[in-house]
Amino acid sequence: MGESTFIKLCKKDNSLLNLITEARQLDLVMFDLVQRFTQAPTAFRSNAEMGIFFKIESERELRQVWDEFAAELEFETFKKLCDQVWKEPYSYVKICRKDPHNKLYFDCDKHIKGVHFH
């Protein structure tokens, strides 16, 4: 499984990692597509305002996503919600850290504490 060009650049040049932490103040939008959540640099993950997650097979990876994006929920609740969503082909879980819906634990439109199901 190869690394993305973005990850390779981050490993070679710390100034890119510095840019990640300042991207919001500079009004920059950055994204990276990785096959495993833990492949993305920690600085990138911790500064991400949104994550879109397709089916995650590894419980270790899922726990990492939960820990960094949705720890307000119990892990088992988060896992059940994700499993329910991922039953549908091509479905994903979108977690928005800055979304005003994060104040809600549940509403009838399938929003669970900022975890959006599509």
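The values are calculated or read from the model by the stated rules, or taken from the named source; none is laboratory data. Owing to the predicted nature of the structure, the values given are computational and were not obtained by experimental measurement. Virtual Cβ from ideal backbone geometry, glycine too; neighbours counted across all protein chains shown.
Yes/no per residue for (1) on the phi < 0 side of the Ramachandran plot; (2) in a loop (DSSP other than H, G, I, E, B); (3) modelled with pLDDT under 85; (4) of a type in the set (Lys, Arg):
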position	(1), (2), (3), (4)
GLY51	yes, no, no, no
GLU57	yes, yes, no, no
GLU61	yes, no, no, no
VAL65	yes, no, no, no
GLU68	yes, no, no, no
LEU73	yes, yes, yes, no
THR77	yes, no, no, no
LYS87	yes, yes, no, yes
- Are there any pairs, at least 6 apart or on different chains, whose C-beta atoms fall under 6 Å, with the first in segment 30-48 and within 16 Å of LYS94 (Cα to Cα) and the second at pLDDT below 80 and surrounded by 16 or more Cβ atoms within 10 Å (Cβ to Cβ), and if so, which? ASP32/PHE6; ASN47/ILE20
- Item | Residues located in segment 89-113, provided they are at pLDDT 80 or above, aromatic (Phe, Trp, Tyr) and surrounded by 10 or more Cβ atoms within 10 Å (Cβ to Cβ) | TYR92
- Complete set of residues in segment 50-69 that are over 23 Å from GLU22 (Cα atoms) and surrounded by 14 or more Cβ atoms within 10 Å (Cβ to Cβ): PHE53, LYS55, ILE56, GLU61, LEU62, ARG63, GLN64, TRP66
- Message: Just the residues that are surrounded by 12 or more Cβ atoms within 10 Å (Cβ to Cβ), in a loop (DSSP other than H, G, I, E, B) and among the hydrophobic types (A, V, I, L, M, F, W, C), please, taken from segment 29-49.
- Response: MET30, VAL34, ALA40, ALA48
